[in-house]
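Remarks on the structure that follows.
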Number of protein chains: 4
Amino acid sequence: MKAVIINFKAYGEGSGERALALAKAVKEISEKVDFYMAIAPNFLDIPEIVKSVDIDVFAQHADAVSYGSHTGRITPEMLKEKGVKGSLINHSERRLRLADIDYLVSKFKELGLTSVVCTNNVSTTRAAAALSPDYVAIEPPELIGSGIPVSKAEPEVVENSVKAAKGINPEVKVLCGAGIATYEDVVAAIDLGADGVLLASGVVKASDQKRALEELVGLR
Amino acid sequence: MKAVIINFKAYGEGSGERALALAKAVKEISEKVDFYMAIAPNFLDIPEIVKSVDIDVFAQHADAVSYGSHTGRITPEMLKEKGVKGSLINHSERRLRLADIDYLVSKFKELGLTSVVCTNNVSTTRAAAALSPDYVAIEPPELIGSGIPVSKAEPEVVENSVKAAKGINPEVKVLCGAGIATYEDVVAAIDLGADGVLLASGVVKASDQKRALEELVGLR
Amino acid sequence: MKAVIINFKAYGEGSGERALALAKAVKEISEKVDFYMAIAPNFLDIPEIVKSVDIDVFAQHADAVSYGSHTGRITPEMLKEKGVKGSLINHSERRLRLADIDYLVSKFKELGLTSVVCTNNVSTTRAAAALSPDYVAIEPPELIGSGIPVSKAEPEVVENSVKAAKGINPEVKVLCGAGIATYEDVVAAIDLGADGVLLASGVVKASDQKRALEELVGLR
Amino acid sequence: MKAVIINFKAYGEGSGERALALAKAVKEISEKVDFYMAIAPNFLDIPEIVKSVDIDVFAQHADAVSYGSHTGRITPEMLKEKGVKGSLINHSERRLRLADIDYLVSKFKELGLTSVVCTNNVSTTRAAAALSPDYVAIEPPELIGSGIPVSKAEPEVVENSVKAAKGINPEVKVLCGAGIATYEDVVAAIDLGADGVLLASGVVKASDQKRALEELVGLR
């Protein structure tokens, strides 16, 4: 089943009460389509959503440390304990050092959490795949929030990323992100070999979030 | 009223269910003493504690950005929206750039949040006080988690920090942290001019957290 | 004597052979004007310029560590040993944590190096002044490289920065940077109370660097 | 030919005049052995060594930017212009983000510079190899400066790193670092499949640097 993961980012439109409402909308839509759908709200919104909405919840980030004398950090163990499904790792707005990406992917495996490592081009996709995460999500930074889908602007980036990742490890699933704004973009990404998409502004910043998401998954 | 703020850090003993239990214990004790008591749990534990325990809850960190296209960040506005009282800023385990500390102190003022800027010596205390936060918390890094209180190891650091901060801005309150493990340490800090203490391992890592806290605030 | 410090940045026009040529031009001009003139080339260009041009050479950055097991770092001691005069610290393109700024200012004092702490607004200027560096250089980030001088766009920022810094410590000299492109801008900054200016693109990116600098110091 | 690269770090014993003397000693020894020998002094020492000693000189770090409005940064182009051979990238004391490692490896290729990407375990070695640098240097952080060679403490880490790297890209050469203190350690690393070693404290901190290096390369 192809995946659709929605990053709520730090958008006001995806925080607090609006995060909860959006989570419920995603859940509702997920029941009508043949996609695996999941969401990534901010840390403060995670606990209530996990409790009240039956949908897979990802964190947007995790820190590469374990329980201990750290301040202002969220560890993989804390995510696990809260019932979180996994996390984005190394998003272009929260880049991590190679050793920390490796730590997180490996710790997630140990804890049964799902890792989604974000990358910016074909060669970082290859490197990320070499760490054997569950997903690699390729997002050319210049297209993030642009409304121009990578599948249209640089289809060869998607195709080559898929090839590169699967060439290293066929088990790794590849998501395609950045600029995806229509169902056609989603279909194009999948046609190029992607196992799904990573969405954000196209849904969260839409004037009608639910309608935008319905369109994105082909319900309209 | 002198302040006692307890940083739960990323300690397993201060996370999840144990965070909630500890929050309740602090609340209970706070009613029996003449201290202003507050707690700083991790982001994921904040929402439930705010909802179910009537105590001031601080974050351990905030990111120097506003709502927008940021991933894995917690903004001051999100903290405000969740009913958080304020945040530690620039803890020695989460050091920030000067411009970001300034952004946060200023944004907190605008939002009515309480800022607690952590510092490591007399001169950074002076610099932090120049930003006019609500509190400066002086914690010599070498004493953090040591069990050796700064009020004993380096009483002149506390005294000079208080003088430095008040000399810059008499409104700024000064907390004393690092290594405080007994009621005598708390009293010593206050005698040296501190407006309170910032605690962590002395409470959270204690075999009996409640008992440890009772001792720390002079109830035993 | 008012100061004119020129940051060569990582501009191609201020690197390698061109750095040496520019250094010589600055030296030549400095002999005709009543300004204290100094330059800040990149690390790799520093040694030859120090050896062959009789002008004060600053680094653009120093790392907050001493001799030891660090890789890719330049320590204050290394700068001293190479005959460097001092360094920019916390430039907006190389922001540092508060504790590291403090370490560097204090270590520079010990070594007899000159510290120039860059700041972005009035309150960070006050905080930086509280550390008692030799200079604070105020550069509103939005004006850097803009060609719009802070002395014109936000004269009150310059005036209030000078007041704030001198209010904390009258010994601290205040430079004014960002967008200074003409002699009038330099004069305006000085009229607003600045002890000098920090230049960069206005000189280094000029089609005729020498001519641009001559104009900037009032020789044309 | 097996490689021996010596990281001078920020050791006082490998800075300034002592860096030059050590560079000359390495050059002298390199003529008597069948190793490819190169050195990595700090930025400030690089120019004079490149000019006066006929040996390949590496930087310890490069910043992932090009010529432009950056302060305190050393770009790959600057290294090239100074006659530097290449650089260590992502040393455990100067960790980089994945996207920046990728930028540097790719830019180095374009400029004809040699890239040596440092890693900390088998999986990061695999990821680094996926970027196709010239060298990957595996250094388990806990062994750095320990005097305990990785080839002895964790021979399987060396063997598996070599396998992992060559499995991804047989062209990538693998160096072995951390704790190497004797000729036996060097031989052991090579026997485990390494294409050479990355040395530091074993040479630079030795009471007699030249003698230590002679021993390390089997001349004594």
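The values are calculated or read from the model by the stated rules, or taken from the named source; none is laboratory data. None of these values were measured; they are calculated from a predicted model. For neighbour counting, all protein chains shown are included, and Cβ atoms are generated from backbone atoms with ideal geometry for every residue, glycine included. Heads up: the accessible areas ignore ligands, DNA and RNA and are worked out on the full protein's heavy atoms, side chains in. Shrake-Rupley method; radii C 1.70, N 1.55, O 1.52, S 1.80 Å.
A few notes on this one:
- The set of residues from region B:23-79 being in contact with a Leu (Cβ under 8 Å, 6 or more places away or on another chain), aromatic (Phe, Trp, Tyr) and within 30 Å of residue A:141 (Cβ to Cβ) comprises just one member, B:43.
- Residues located in region D:88-113, provided they are touching a strand residue (DSSP E or B) at 6+ places or on another chain (Cβ under 7 Å) and more than 23 Å from residue A:104 (Cβ to Cβ): D:88, D:108, D:113
- Looking across region D:182-216, the residues that are open to solvent by 10 Å² or more (accessible area, probe 1.4 Å) and in contact with a strand residue (DSSP E or B) (Cβ under 8 Å, 6 or more places away or on another chain) come down to D:190, D:192, D:193, D:195, D:200.
- For beta carbons closer than 7 Å, sequence separation of 6+ or different chains, a first residue in region B:198-217 that is farther than 18 Å from residue B:116 by Cβ and a second that is open to solvent by 30 Å² or more (accessible area, probe 1.4 Å) and acidic (Asp, Glu), the qualifying pairs are B:205/B:13.
- Scanning region D:40-55 for residues that are buried (at least 19 other Cβ atoms within 10 Å of the Cβ) and among the charged types (D, E, K, R), we see that the one that is farthest from the other protein chains (Cβ to nearest Cβ) is D:45.
- Within region B:1-107, helices (runs of 4 or more DSSP H) holding 3 or more residues that are farther than 29 Å from residue B:211 by Cβ: B:76-81
- When region B:65-85 is limited to residues that are within 7 Å of another protein chain (Cβ to nearest Cβ) and open to solvent by 30 Å² or more (accessible area, probe 1.4 Å), the one that is farthest from residue B:115 (Cα to Cα) turns out to be B:69.
- Matching residues, region C:121-136, being more than 10 Å from every other protein chain (Cβ to nearest Cβ) and among the hydroxyl-bearing types (Ser, Thr, Tyr): C:135
- Subset tally (residues that are in contact with a helix residue (DSSP H, G or I) (Cβ under 6 Å, 6 or more places away or on another chain) and either among the acidic types (Asp, Glu) or open to solvent by less than 40 Å² (accessible area, probe 1.4 Å) (or both)) for region A:139-156: 5
- From the options C:174, C:162, C:116, residue that is touching a strand residue (DSSP E or B) at 6+ places or on another chain (Cβ under 7 Å), in contact (Cβ under 8 Å) with a residue 12 or more places away in the chain and either assigned to a helix (DSSP H, G or I) or open to solvent by 10 Å² or more (accessible area, probe 1.4 Å) (or both): C:162
- Annotation note: Cβ proximity below 7 Å between a residue of region B:5-16 that is facing chain A (nearest Cβ under 9 Å) and a residue that is hydroxyl-bearing (Ser, Thr, Tyr) and open to solvent by less than 10 Å² (accessible area, probe 1.4 Å) (sequence gap 6+ or interchain) occurs for B:7/A:71; B:9/A:71; B:10/A:75.
Yes/no matrix, rows are residues, columns are (1) touching an Asp or Glu at 6+ places or on another chain (Cβ under 8 Å); (2) aromatic (Phe, Trp, Tyr); (3) under 20 Å from residue B:6 (Cβ atoms):
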{"residue": "B:127", "(1), (2), (3)": "yes, no, no"}
{"residue": "B:136", "(1), (2), (3)": "no, no, yes"}
{"residue": "B:150", "(1), (2), (3)": "yes, no, yes"}
{"residue": "B:154", "(1), (2), (3)": "no, no, no"}
{"residue": "B:163", "(1), (2), (3)": "no, no, no"}
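- Answer from C:62, C:23 - the residue that is crowded, with 22+ Cβ neighbours inside 10 Å, within 29 Å of residue D:200 (Cβ to Cβ) and in contact with a Phe, Trp or Tyr (Cβ under 9 Å, 6 or more places away or on another chain): C:62
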